[in-house]
Amino acid sequence: MKVRLWAATGAAALVAGGLLTAGLGSATASSDSKHGWRLAGASSAADGVSSDITTAKTIRLVAHEEAFQLIDVGSRGFSPGDYFVFEETLRDRDSGRVVGRTSVQCTVNFTTVMCRGTLSFTGKGNVEVSGAVTEGGKDVIAVTGGTESYQNARGQLRVGAVSGRNTNLTLQLLP
């Protein structure tokens, strides 16, 4: 399911989204392991989504993929120019409580996947992520900004372990 980033992006990349374990040469839209994030401070999420970013915060999330669509615009199959979009439900990794959603778009280039996305935290605002990911990359994308409680956010989104349609995300925010 995931986009190797960001994708964060979520971020958000993006977000993020989202900011994903597919190889650039042989992915197919129907394979569960070819979707989302893997393709291309120390507070809990409950604390992290409740206040403005005035000190460094780490928000640990589990993203569950709800929707995925590959748009095949180049050569048949996964090739440069293709893009994909996906949305996920975000849960606090510790409590399991739903805290928001991701919405991510990624475009396939020749050796990278460019992703941008939004992590929307219910009633708190959005965190925007964007970045390039490569096969075998470190799965880290930039936080490029935010709204409302996150209006001054910067930092990075780390895309972690994937299990089925779930991906661990660690959002590291700086004021």
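The values are calculated or read from the model by the stated rules, or taken from the named source; none is laboratory data. Everything quoted here is computed from the prediction, not taken from an experiment. Positions of Cβ are generated from backbone atoms using ideal geometry, with glycine treated the same way; all protein chains shown enter the neighbour counts.
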Assuming residue 92 fulfils every condition listed in (1) over 20 Å from residue 65 (Cβ atoms); (2) of a type outside the set (S, T, N, Q); (3) in contact with a strand residue (DSSP E or B) (Cβ under 8 Å, 6 or more places away or on another chain) apart from one, which condition is it? (1)
Suppose we keep only residues that are of a type in the set (Gly, Ala, Ser) and in a strand (DSSP E or B) within segment 50-79. Which one would you say is surrounded by the fewest Cβ atoms within 10 Å (Cβ to Cβ)? 67
For residue 88, the lone unmet condition from (1) buried (at least 24 other Cβ atoms within 10 Å of the Cβ); (2) under 16 Å from residue 58 (Cα atoms); (3) not small (Gly, Ala, Ser) is (2)
With respect to residue 103, is the statement that it is surrounded by fewer than 24 Cβ atoms within 10 Å (Cβ to Cβ), among the polar types (S, T, N, Q), closer than 13 Å to residue 63 by Cβ and within 14 Å of the chain's Cα centre (by Cα) true? yes
Of the residues 116, 101, which is in contact with an Asp or Glu (Cβ under 7 Å, 6 or more places away or on another chain) and among the basic types (Lys, Arg)? 101
How many of the residues in segment 124-167 are farther than 16 Å from residue 60 by Cα and of a type in the set (S, T, N, Q)? 7
Just to be sure, is residue 85 modelled with pLDDT under 95, under 13 Å from the mean Cα position of the chain (by Cα) and within 24 Å of residue 155 (Cα to Cα)? no
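Looking at segment 95-114, is at least one residue of a type in the set (D, E, K, R), modelled with pLDDT of 95 or more and in contact with a helix residue (DSSP H, G or I) (Cβ under 8 Å, 6 or more places away or on another chain)?
Going residue by residue through segment 95-114, those that are of a type in the set (D, E, K, R) are 97, 101.
Now restrict to residues that are modelled with pLDDT of 95 or more: 97, 101.
Narrowing the set further to residues that are in contact with a helix residue (DSSP H, G or I) (Cβ under 8 Å, 6 or more places away or on another chain) leaves 97.
The answer is yes, given that some residue of segment 95-114 is of a type in the set (D, E, K, R), modelled with pLDDT of 95 or more and in contact with a helix residue (DSSP H, G or I) (Cβ under 8 Å, 6 or more places away or on another chain).
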